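So the structure is just underneath, and the comments pick up after that.
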Protein chains: 2
Amino acid sequence: MKIHDILAMTLLALCCEGAWAGEHTRFVDPFIGTGAIEGGLAGNNYPGATVPFGMVQLCPDTHEAPDWYNASGYDYNDNRIYGFSHTRLSGTGASDLIDILLFPTTGDATSSAFSHEDEKARPGYYSVMLADEDIFAELTATPHAGVHRYTYPEGSSRKVIVDLEHSANKESWNRKIINGQIRRTGDRTLEGYRIITGWAKLRKIYFTIEFSEPIAHLDLSDGDRVYRGTSSVINGSALKAVAEFGGTKPLECKVGISTVSIANARENLAAETAGVSFDALCDTADAMWEKELSAIDIEGPEESCRTFYTALYHTMVQPNLFSDVNGEYIGADYSVKALGKGERQFTTFSLWDTYRAAHPLYTIVRPDLAAEFVNSMLRHYDDYGYLPIWHLWGQDNYCMIGNHAIPVVADAVLKGLPGIDAAHAYEAVMSSSTTPHPNSPFDIWEKYGYMPEELQTQSVSISLEMAYDDWCVAQMAEKLGRDEDVARFNKRAMHYRNLYDSEMGFFCPRDALGQWIRPFDPLKYGANGGYPFTEGNAWQYYWYVPHDVEGLIDLTGGAKAFKSKLDDFFTITDASGEKNDNISGMIGQYAHGNEPSHHAAYLYVDAGAPAETQRLVHTIMTTLYNNTSSGYAGNDDCGEMSAWYVFSAMGFYPVNPASGEYYIGTPTFDKCTIQLPTGKDFVITASRKNPDSYLVKKVALDGAPLKDYKLTHGQITAGGHLHFDLK
Amino acid sequence: MKIHDILAMTLLALCCEGAWAGEHTRFVDPFIGTGAIEGGLAGNNYPGATVPFGMVQLCPDTHEAPDWYNASGYDYNDNRIYGFSHTRLSGTGASDLIDILLFPTTGDATSSAFSHEDEKARPGYYSVMLADEDIFAELTATPHAGVHRYTYPEGSSRKVIVDLEHSANKESWNRKIINGQIRRTGDRTLEGYRIITGWAKLRKIYFTIEFSEPIAHLDLSDGDRVYRGTSSVINGSALKAVAEFGGTKPLECKVGISTVSIANARENLAAETAGVSFDALCDTADAMWEKELSAIDIEGPEESCRTFYTALYHTMVQPNLFSDVNGEYIGADYSVKALGKGERQFTTFSLWDTYRAAHPLYTIVRPDLAAEFVNSMLRHYDDYGYLPIWHLWGQDNYCMIGNHAIPVVADAVLKGLPGIDAAHAYEAVMSSSTTPHPNSPFDIWEKYGYMPEELQTQSVSISLEMAYDDWCVAQMAEKLGRDEDVARFNKRAMHYRNLYDSEMGFFCPRDALGQWIRPFDPLKYGANGGYPFTEGNAWQYYWYVPHDVEGLIDLTGGAKAFKSKLDDFFTITDASGEKNDNISGMIGQYAHGNEPSHHAAYLYVDAGAPAETQRLVHTIMTTLYNNTSSGYAGNDDCGEMSAWYVFSAMGFYPVNPASGEYYIGTPTFDKCTIQLPTGKDFVITASRKNPDSYLVKKVALDGAPLKDYKLTHGQITAGGHLHFDLK
């Protein structure tokens, strides 16, 4: 039975209560990845309401001040809710945003117990019963607004706390609120802003809140400075308002936000919510998600559908819209920019993670949006001089290493995505490959042909990743006929070889004199500085030559030796010292919980052992993903862990994300239809000898066997039929 | 001989070298007040180039990081120059701004010795020989730009350091650079910005620098991260550029700034300097000053002319233009605002100081500009909810006490200055008198009728000053027919009486139970918190009832007792504990170095002893002002100390600055003509029995004796002739 048919029936039962209206949204479980349970790991996802790629993520905060281990603000293991705030990151290892907290109360409480049994979440909707308050809280979202509906117990006081002091942990990133304002600007309106430092070095967030009832009483405070009913405006850095309301109907609070101004927050809110009911906004949010998720239609076991669509959902909760409805946004230089008509600016580019699979996925399902992401990065370049490393709230926080906007931009140009000025893109890529900046000393790179560890720590990881980015530049130069640059960057792309120590059989650190740095321990982990490897060890970085796997095979000693090395990688369980915090989801030395070796299972294809790829990918999909709150093997990292699953479950994966080539793995579903934006379909089917068959006997595109177990982007976008015969 | 005639002759000699072209600018000595010498005190003025009320103050910085005691960045006692930065405050006790430092060098130096003998300054022009470098540096300014001309020794290297790290002391006000950029955007152009916290909680400053020669070599650095010739852009928080130039002609560097964007900095620079030579810009600056200073024409001793015109100049180096040529500026809510055509936004309102005499002076010589200042404050109110306390770089830093934008706004409305929306002004004043904010707990004020010290520290000073502001509100309410408010605010205006302790014969602190707080020592000083008096003692605050001197006389026990109290005030030299840092310029307990008792000498008029006023005012003018670098008796406080002199030297002073009434003192000059903007003149003449006569035998307006020794604003603006007969 096709899921369409199952759903058609299910919907009859569900639509009356307005829940899970969509054919695809029905499978999304926003609680997946929201907390570590049963010895699992934290995806750091959140269950709150958001629309695809929206600016607002409206969600309960279960921590007073979230930090590294509950970065999204919500942790499934918690049992108190401190309110509902409007912005957050999904799956990151560090916390930021967490702006404009609302908490409804009947008295003076600032938090309430809750139970997961009283909690519901679906795309664009979240509800919970606040147990201590007996208040039923519902949340929905539009691109620039969060909408709350609070049902208070009959006859109770009806208060809402607006808390501008609440944020991610102020002990992290020197986070500090510089200034803020709360102001009553109408009978039913509170407006204001806060300016805060943090992981994003400086953020301004303006808001307007429209309540469905007049404010009957208003207390304002700035820390210990409290004005009870005596003021309509307060400025300061620790602001709270307590608004009290009459009435009996559920109280709705519509909250529009903007990075630019209160006026823009108002315009955003009006454009998206004026005259629209809470229920209608929920329906719109669901419809928006339905439209996005329907890009891929699958048939398969219910549980796998839930994993798949939740993963697809998680790839689409960011990048986040950053510009207002009038096209204004705060540029990387902190000045207000005005976009052209129809243009939008996006942020939240966790590029070290997402260039691997999330961005390639966007080029298939939303090439138009993938181009908007690239154009957003190019605007950042215009203001900043080079492309972003980790683009947070419109700014570069330089998190991680490499310059992996380059593969994203290069891939977009190489794939010919519409609406990108290739010359401009090339200028940005060139500048980002030649302008030295933190962790990217290109002068040293060109002088030495590798990063000497004493001149640039994380030298091995950076050298490997930089070589890859350079290969992308060379490809782009070739495509655009910039012959003068092709040789230079092809040479740089081969710099990785200068760190291959054949004696050790690993990529090893060298000093500026060219000496190998000893002692060397391939099992030992580095973090984010002070060691040649970044959030990983030499084993995990061994495979990081996605642009020259053939060359890596040669260095290793041929295909057999390469396979043997892979075998060791996936089996050796020895450890040396402590693992890095980001390392989890182990299979031997392979760590699915972090990105550096995410493509490694697919390299068996090049070792002539595609069955090993299939076995491992199947193992990863079935043992390192599940539908619990600890459904990911590590941080989802802005959807990258999810994107790995989406690709792998479809049966292929972009080992070199800018090559336009995908390695064949093993499909989870019997049928998967990518509904290409051109109107064509790319259909993947599987016939299984047994229900649990996953090994590929034969794979054929439109009947022609794919003997090398590789598929090109062009073959996908042309539409066609990929069939797997599974034994 | 009229100064016109003297000058006509002098100019013949001077104009050939282009110096001191103006009839009035000739008397300005920008070194006055720039440093404490000969046991004197620091005015904290600066000698650099600026135009009247301009955004840019281009001046050498003689400290690596100026702070409280050299707040303007220049101290006459220093002997090294660290470069020339573009923004600063004049006469404040705290340092901020100090943005975008340029230093020319032939080698690697970052500072140079200099001698005052090699230094020249006149309005809009400054020059110095950098002794270590043998570089002759000249500076001039436009409203939004600073222009440097560096003459390097023949055959030397020609370098300019651009330093974005240089600022006021980073140990003060948690000052921290959040981010910045330096970028080569053309052969001859460096652009960028910095974002910095400090006394103004958050500032953005964008700049564009156009050099007259192409940049031959560029080093960029961010702290220890140094790129020598390898980069065209750098982002970070400790940025420097070293640009090297060829050529042989003097190097010109035109620096445009903006608070909004690099694009606006460019537009500002182009509008004010495109195609204009350095010398022509100097002439324009001089002409601008000449136009402003010519508002008052005087005849008198050369030395007094220098004191007078330098003081008048110091009243006009701020408030500062804050909006760009296109009318954009950063509002109090940190969003970009767009002004209407012809409108401008101003900042630097050190209101606790300047409402006393500087703002009243503007209402006489520049009523149009006084109205622009008021409208700037009203725009601040629109964004902030109440009028500013101390308006720095568009933000309120809440420095000092009271809400003395209220007298300024009220005075403007009461005097009928053109272009102010009185209803809007009243709304702002009302909101600022009823919305509690730091140091202004109006709820407590109305509940207790005074500030109980345990609920609001600095309670006596705040009560006195708040009562005065309330009187201003009442006057405005009366004028605008807001009868319902008149009684309320007249009542509040009399709250000051609730702190008069007849037992002590002083205004004394009370607690919330109404008990006088003991022990009480009228000689003991408070600073800015933790004591009932603010930067003063009970003696200095005794006189702070400018709106009800009659009432104060009654409290004191009649005119005789009042005169006796004044006599004690000006003679008792006893001390108790340490003086507050701001206290200096003592005559008995009177401290001319700070503002609270600035009007006290004039109160003898109300005690029936105008000759004592004349004697004391003469003493203050002749002993507490001089033409050295320590020419002021304390911080000039954004021109307030200067404004006291300007008024007093003309022969009158606004004891109650919002009353439209001036108390007669004694004129310094034999003739003083206020060239009113209406085209009328108000002429003050003096005939002296002896050249040093200062006691008034008779004073008459248009022949009619002023028996009460008072003059009204209307009498001045009507034009007329005030004649003093001095014995």
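In whole Hz, with x marking every Gly and Pro, tabulate ³J(HN,Hα) for region B:301-308 from phi via Karplus 6.51 cos²θ - 1.76 cosθ + 1.60, θ = phi - 60°.
x, 3, 4, 5, 4, 5, 4, 5
What list of ³J(HN,Hα) couplings, whole Hz, do you get for region B:134-148 from phi and the Karplus terms 6.51, -1.76, 1.60, once you set θ to phi - 60° and write x for glycine and proline?
6, 9, 8, 10, 10, 10, 9, 8, 10, x, 10, 9, x, 10, 10
Please give me, ordered by residue number, the trypsin sites (Lys or Arg not before Pro) of region B:639-722 that lie in loop per DSSP and have at most 12 other Cβ atoms within 10 Å. Show your work: numbers first, answer last.
On the way: sites: B:Lys671, B:Lys680, B:Arg688, B:Lys689, B:Lys697, B:Lys698, B:Lys707, B:Lys710; in loops: B:Lys680, B:Lys689, B:Lys707.
Sparse-neighbourhood loop trypsin sites (Lys or Arg not before Pro): B:Lys689, B:Lys707.
Compare A:Glu171, A:Glu661 by solvent-accessible area with a 1.4 Å probe and give them largest first, with all protein chains kept in place.
A:Glu171, A:Glu661
Using a 1.4 angstrom probe on the protein heavy atoms only, line up A:Asp108, A:Asp681, B:Asp99 by accessible area, largest first.
Ranking A:Asp108, A:Asp681, B:Asp99 by accessible area, largest first, yields A:Asp108, A:Asp681, B:Asp99.
With all pairs of different alpha carbon atoms counted, what Kirkwood hydrodynamic radius in Å does region B:130-223 show?
Details: mean 1/r = 0.0650 Å⁻¹.
One decimal place: 15.4 Å for the Kirkwood radius.
In square angstrom and rounded to 100, what buried accessible area do you get between chains A and B, total over both, with the probe at 1.4 Å?
3000
Treat each spin label as a single point 7 Å out from the Cα along the C-beta direction, and report the B:Glu503 to B:Ser294 distance in nm.
Each label point lies 7 Å from its Cα, and together they span 6.3 nm.
Farthest toward the dipole's positive end in chain B, which of B:Ser127, B:Phe27, B:Leu414, given Cβ charges of +1 (Lys, Arg) and -1 (Asp, Glu) about the Cα centre?
Going by the charge dipole, the pick is B:Leu414.
What's the magnitude of the charge dipole for region B:602-727 around its Cα centre, counting Lys and Arg as +1 and Asp and Glu as -1 at the beta-carbon? Answer in Debye, nearest 20.
On the way: 10 positive and 12 negative charges, 100 e Å.
For region B:602-727, the charge dipole is close to 480 debye.
Can you compute 3J(HN,Hα) from phi for each residue in region A:640-650, using the Karplus curve 6.51 cos²θ - 1.76 cosθ + 1.60 with θ = phi - 60°, rounded to whole Hz and x for Gly and Pro?
Once rounded to whole Hz, the list reads 5, 4, 5, 5, 4, 5, 4, 4, 4, 5, 6.
How many nm separate the modelled label positions at A:Glu244 and B:Glu303, each set 7 Å beyond the Cα in the direction of the Cβ?
In this crude label model, A:Glu244 to B:Glu303 measures out at 7.0 nm.
Along the charge dipole of chain A, Cβ charges K/R +1 and D/E -1, which of A:Ala370, A:Phe53, A:Ala94 sits furthest on the positive end?
Checked the options; the winner is A:Ala370.
Apply the a/c threshold of 1.5 to the C-alpha gyration tensor of region B:15-122 and tell me whether it is rounded, prolate or oblate.
rounded
Pop out a list of residues from region B:332-369 that are at least 10 Å² less accessible with all the protein chains around than in their chain alone; 1.4 Å probe, no ligands or nucleic acids counted.
Relative to the lone chain, where solvent access is computed with a 1.4 Å probe, region B:332-369 loses at least 10 Å² at B:Asp333, B:Tyr334, B:Ser335, B:Val336.
Hey, got the dipole for chain B? About the Cα centre, +1 on K and R Cβ, -1 on D and E Cβ, debye to the nearest 20?
720
For region A:188-252, rounded, prolate or oblate, judged on the Cα gyration tensor with a ≥ b ≥ c (square roots of eigenvalues), a/c < 1.5 rounded, else prolate if a/b > b/c?
It comes out oblate by the Cα gyration axes.
I need the shape label for region B:306-430. Rule: rounded when a/c is under 1.5, else prolate if a/b > b/c, else oblate, with a, b, c from the alpha carbon gyration tensor.
It comes out rounded by the Cα gyration axes.
Hey, for A:Glu244 with labels 7 Å out along Cα-Cβ, what do the inter-copy distances come to in nm, ordered shortest first?
A:Glu244 label point versus its equivalents elsewhere: 7.3 nm.
In straight Cα distance, which lysines are under 28 Å from B:Lys176, not counting same-chain residues fewer than 8 positions off?
Result set, ordered by chain and number: A:Lys170, A:Lys176, A:Lys201, A:Lys204, A:Lys240, A:Lys337, B:Lys159, B:Lys201, B:Lys204, B:Lys240, B:Lys254, B:Lys337.
Please work out how much accessible surface A:Thr142 shows to a 1.4 Å probe, ignoring ligands, DNA and RNA, in Å² rounded to 10.
Ignoring ligands and nucleic acids, A:Thr142 comes out at about 10 Å².
So if each residue of separation counts as 0.36 nm, and I subtract the Cα-Cα distance between A:Ala559 and A:Glu454, what length gain in nm does that give?
34.4 nm
Cα axis of helix B:422-434 to longest principal axis of chain B: angle in degrees, 0 to 90, nearest 10?
80
5 Å is the cut-off here: which amide hydrogens, built 1.01 Å from N in the peptide plane, fall below it relative to B:Val696, excluding neighbours closer than 5 in sequence?
Amide H neighbours of B:Val696: B:Lys727.
Could you look at the protein assembly as shown and say what percent of its accessible area is carbon and sulfur, using a 1.4 Å probe and all protein chains?
Details: 22530 of 45790 Å².
Taking all protein chains in place, the protein assembly as shown shows 49 percent carbon and sulfur surface.
Using a Cα-Cα cut-off of under 25 Å, which lysines could be cross-linked to A:Lys707, ignoring same-chain neighbours fewer than 8 residues away?
A:Lys415, A:Lys560, A:Lys563, A:Lys565, A:Lys671, A:Lys680, A:Lys689, A:Lys697, A:Lys698, A:Lys727
Counting only residues 5 or more places away or on other chains, whose amide H sits under 5 Å from the amide H of A:Phe507 once H atoms are built in the peptide plane?
The answer is A:Asp501.
Which GluC sites (Glu not before Pro) in region B:281-384 pass both tests, a DSSP loop state and at most 16 other beta-carbon atoms within 10 Å? List each step's numbers first, then the result.
On the way: sites: B:Glu290, B:Glu292, B:Glu299, B:Glu302, B:Glu303, B:Glu328, B:Glu343, B:Glu372; in loops: B:Glu343.
The qualifying sites are B:Glu343.
Under unit Cβ charges (Lys, Arg +1; Asp, Glu -1), what dipole magnitude, rounded to 20 debye, does the protein assembly as shown have relative to its Cα centre? All intermediate terms of the calculation are to be shown ahead of the outcome.
Numbers: 116 positive and 188 negative charges, 197 e Å.
It comes to approximately 940 debye.
Would you mind listing the distances between the A:Pro519 label point and the same position in each other copy? Use 7 Å along Cα-to-C-beta, nm, one decimal, shortest first.
Computed spacing set for this position: 7.2 nm.
Counting only residues 5 or more places away or on other chains, whose amide H sits under 5 Å from the amide H of A:Met586 once H atoms are built in the peptide plane?
A:His592
Taking the rotation that carries B onto A, look along its axis and tell me which residue of B has the beta carbon nearest to it, distance in whole angstrom.
Here the nearest residue and distance are B:Val336, 3.
Starting from the Cα of B:Asp224, move 7 Å in the Cα-to-Cβ direction to define the label point; list residues of region A:377-403 whose amide nitrogen is under 20 Å from there.
A:398-401
Defining a contact as two alpha carbons under 8 Å apart and six or more residues distant in sequence, what relative contact order in percent does chain B show?
Worked out over chain B, it gives 12 percent.
Name the residue from A:Thr248, A:Leu455, A:Tyr150 whose Cα lies farthest towards the positive end of the charge dipole of chain A, charges +1 on Cβ of Lys and Arg and -1 on Cβ of Asp and Glu.
A:Leu455
Hey, if we sort B:Ile196, B:Ile444 by accessible area with the 1.4 Å probe, largest down, what's the order?
B:Ile444, B:Ile196
The values are calculated or read from the model by the stated rules, or taken from the named source; none is laboratory data. All of these numbers come straight from a predicted model, not from anything done at the bench. Heads up, the Cβs are rebuilt from the backbone with ideal geometry, glycines too, and the neighbour counts pull from every protein chain shown. We work out accessible area using only protein heavy atoms, side chains counted, and drop any ligands, DNA or RNA first. Shrake-Rupley method; radii C 1.70, N 1.55, O 1.52, S 1.80 Å.
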